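A.B. asks: Structure in structure tokens, see below.
The values are calculated or read from the model by the stated rules, or taken from the named source; none is laboratory data. Owing to the predicted nature of the structure, the values given are computational and were not obtained by experimental measurement. Cβ sites come from the backbone with ideal geometry, for glycine too, and all protein chains shown count toward neighbours. When the accessible area is computed, the model is the full protein with side chains, heavy atoms only, and any ligands, DNA or RNA have been set aside. Shrake-Rupley method; radii C 1.70, N 1.55, O 1.52, S 1.80 Å.
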Amino acid sequence: QVQLVESGGGLVQPGGSLRLSCATFGFIFSTARMGWYRQAPGSRRELVASITSVGSTNYADSVKGRFTISRDNPKKTVYLQMDILKPEDTAIYYCNLVPYGGGIWGKGTVVTVSS
């Protein structure tokens, strides 16, 4: 069965960095387009970054130039390097397929950007 396990979140000061990881199980990761989504309090979940099976990336305008998505196919893991973090990046971060097809979500990892 499909499992998505996010990790790496935490509390960081504005301008700081975090690296998120998402370990995946139960589907053919190497051919999947993967993405990082986030949901801030009171807001809808949004896609912030995606990466194709061959490594082509796309970013939301709000994170472009600050976040970098990458993947390790043998490890079936997708990463999100987040730099120059801002308070508005505070959210629960999730990974999933792109486009989202109605499957399960992991528990996510909480990122809090605050001084």
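A.B. asks: Tally the residues that are farther than 18 Å from ASP83 by Cβ, surrounded by 19 or more Cβ atoms within 10 Å (Cβ to Cβ) and among the hydrophobic types (A, V, I, L, M, F, W, C), restricting the search to segment 1-21.
C.D. replies: The qualifying residues number 1.
A.B. asks: Taking the condition buried (at least 19 other Cβ atoms within 10 Å of the Cβ) and touching a Leu at 6+ places or on another chain (Cβ under 7 Å), does PHE67 pass?
C.D. replies: In short, yes.
Every residue, every condition in (1) open to solvent by 80 Å² or more (accessible area, probe 1.4 Å); (2) touching a residue at least 24 places away in the same chain (Cβ under 8 Å); (3) assigned to a loop (DSSP other than H, G, I, E, B); (4) touching a Pro at 6+ places or on another chain (Cβ under 6 Å), yes or no:
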{"site": "LYS75", "(1), (2), (3), (4)": "yes, yes, yes, no"}
{"site": "LEU80", "(1), (2), (3), (4)": "no, yes, no, no"}
{"site": "ILE84", "(1), (2), (3), (4)": "yes, yes, yes, no"}
{"site": "GLU88", "(1), (2), (3), (4)": "yes, yes, no, no"}
{"site": "TYR93", "(1), (2), (3), (4)": "no, yes, no, no"}
{"site": "ASN96", "(1), (2), (3), (4)": "no, yes, no, no"}
{"site": "GLY101", "(1), (2), (3), (4)": "no, no, yes, no"}
{"site": "GLY106", "(1), (2), (3), (4)": "no, yes, yes, no"}
{"site": "VAL110", "(1), (2), (3), (4)": "yes, yes, no, no"}
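A.B. asks: Return the total of residues in segment 41-56 being farther than 20 Å from PHE27 by Cα, open to solvent by 70 Å² or more (accessible area, probe 1.4 Å) and assigned to a loop (DSSP other than H, G, I, E, B).
C.D. replies: Residues meeting the conditions: 4.
A.B. asks: Additional query: With the structure loaded, tell me whether PHE29 is without any contact (Cβ under 8 Å) to a residue 40 or more places away in the chain and either open to solvent by less than 40 Å² (accessible area, probe 1.4 Å) or of a type in the set (Asp, Glu) (or both) or whether it fails that test. First the steps, then the outcome.
C.D. replies: Numbers: without any contact (Cβ under 8 Å) to a residue 40 or more places away in the chain: no; either open to solvent by less than 40 Å² (accessible area, probe 1.4 Å) or of a type in the set (Asp, Glu) (or both): yes.
No, not satisfied.
A.B. asks: Looking at (1) within 16 Å of the chain's Cα centre (by Cα); (2) under 12 Å from ASP89 (Cβ atoms), find the lone condition where GLY16 falls short.
C.D. replies: (1)
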